[in-house]
Amino acid sequence: MSRLNDAFRDAKREKRAAFVPYVTAGDPSLERSVEIVRALARAGADVIELGVPFSDPIADGPTNQRAAERALAAGTTLSGVLAAVEVVRQDLEVPIVLFTYANPVLRYGIEAFAEDASTAGVDGVLFTDVPAEEMAPFENHIGAAGLDLIMLVTPTSTRQRMKAAARFGGGFLYLVSRTGVTGVRQDLDAGLADNIRMARKVSRLPVAVGFGISTPEQVARVAEKADGVVVGSALVSRIGAMGDCDELIDEVESFASELATACQR
């Protein structure tokens, strides 16, 4: 059993959805990112997604785009992100998933990345821009290194495409809550419950829902149906607004605690 399997199993046993916060690694710095990850764990995160900053993040809205720009300007690299995970692993067991685009991994080398990510303590990898039809070269090395490959499905995914994603996937199936890019939204998609049901029919993996979920109230509504709830832009926005200040870590932990509490059913 992997740490991801354990996290979702424990959340289910405790009658709650798993809380999965997302932050961009290197924003405002890698040193601060290590502190932020520790704060998220204290707040009750079951799984933490670390975004690898990339210059052309086509799946991300303005909030996460700006975070990636800040992280890159601060000198963040993929090797630096892996080094930060290794530091976190000295005192934390919370599962960590890297949320990345294909380009940084291809530049690094797929096999070398998989081996180094596993050594650093990464639990899973999510490629935002690699469809199931092109996933085999990544899956071969990711799986061989003992990492879970997290697959994305969307409201426009057909049943067949969901099945294809489920065949590759491990850890959990990431269901995008609505069409479009990441970012804070005021309302949840009316068809979300139906999409969760379809995802469950084609996969035995836990279903975590993300993109656009930003308030404790929205988290609570999604937690009633899904196995996990991902919150990213709302956290990233706070980090961007506060910058590298003394109050940043306390603010992140406080807000994340509210979100984690909302995952209770």
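Based on Cβ point charges of +1 for Lys and Arg and -1 for Asp and Glu, what charge dipole magnitude is obtained for the chain about its Cα centre, in debye rounded to the nearest 20?
Taking the Cα centre of the chain as origin, the dipole is about 1300 debye.
What is the spin-label model distance, in nm, from Glu133 to Gln160 if the labels are put 7 Å beyond Cα along the C-beta direction?
Between Glu133 and Gln160, the label points sit 1.1 nm apart.
Starting at the first residue of the stretch 35-50, write each ³J(HN,Hα) from the Karplus equation 6.51 cos²θ - 1.76 cosθ + 1.60 with θ = phi - 60°, in whole Hz, x for Gly and Pro.
After applying 6.51 cos²θ - 1.76 cosθ + 1.60, I find 5, 5, 4, 5, 5, 5, 5, 4, 6, x, 5, 8, 9, 10, 9, 10 Hz.
Residue separation times 0.36 nm, minus the C-alpha to C-alpha distance between Glu69 and Glu251: what's the value?
Here the answer is 63.3 nm.
Given 0.36 nm per residue, what is the gain on full extension from Asp244 to Arg167 after removing their alpha carbon distance, in nm?
That pair, Asp244 and Arg167, stretches by 23.6 nm at full extension.
Checking the cross-link filter: which lysines have an alpha carbon closer than 19 Å to that of Lys201, excluding same-chain neighbours under 8 positions apart?
Lys12, Lys163, Lys225
Most exposed first by the Cβ proxy, i.e. fewest other Cβ within 10 Å, how do Val130, Val85 rank?
Val130, Val85
Arranged by the count of other C-beta atoms within 10 angstrom, fewest first, what order do Asp10, Asp123 take?
Details: Asp10 12, Asp123 27.
The most exposed by this proxy come first: Asp10, Asp123.
I'd like the distance separating the alpha-carbon centroids of the stretch 69-90 and the stretch 1-57, in whole Å.
With the stretch 69-90 and the stretch 1-57 each reduced to a Cα centre, they are spaced 15 Å.
Here are a few candidate values for percent of Cα pairs over 32 Å apart: (i) 33; (ii) 13; (iii) 22. Which one was actually calculated from the structure I just gave you?
(ii)
Highest mean first, what order results for 249-255, 94-100, 59-65 on Cβ atoms within 10 Å?
Ranking, from highest mean packing down: 94-100, 59-65, 249-255.
How high is the relative contact order of the stretch 3-262, given as a whole-number percent (alpha carbon pairs under 8 Å, six or more residues apart)?
Relative contact order comes out at 24 percent.
Calculate for the chain the 222 nm mean residue ellipticity that helices alone would give, adding -39,500 (n - 2.57) per DSSP H run of length 4 or more and normalising by residue count, nearest 500 deg cm²/dmol.
Result for the chain, helices only: -14500 deg cm²/dmol.
Full-extension gain between Asp91 and Lys12, please, as 0.36 nm times their residue separation minus the C-alpha to C-alpha distance. Could the numbers behind the result be given before it?
Details: separation 79, 0.36 × 79 = 28.44 nm, distance 2.48 nm.
Working it through step by step, the gained length comes to 26.0 nm.
Please arrange Phe138, Phe8 by counting, for each residue, the other beta carbons lying within 10 Å of its beta carbon, fewest first.
Phe138, Phe8
Read the figures in this text as sums done on the coordinates, not as results from a lab. Just so it is clear, the structure is predicted and the values come from calculations on it, not from any experiment. Using ideal geometry, Cβ is built from the backbone for each residue, glycine included, and neighbour counts are taken over all protein chains shown.
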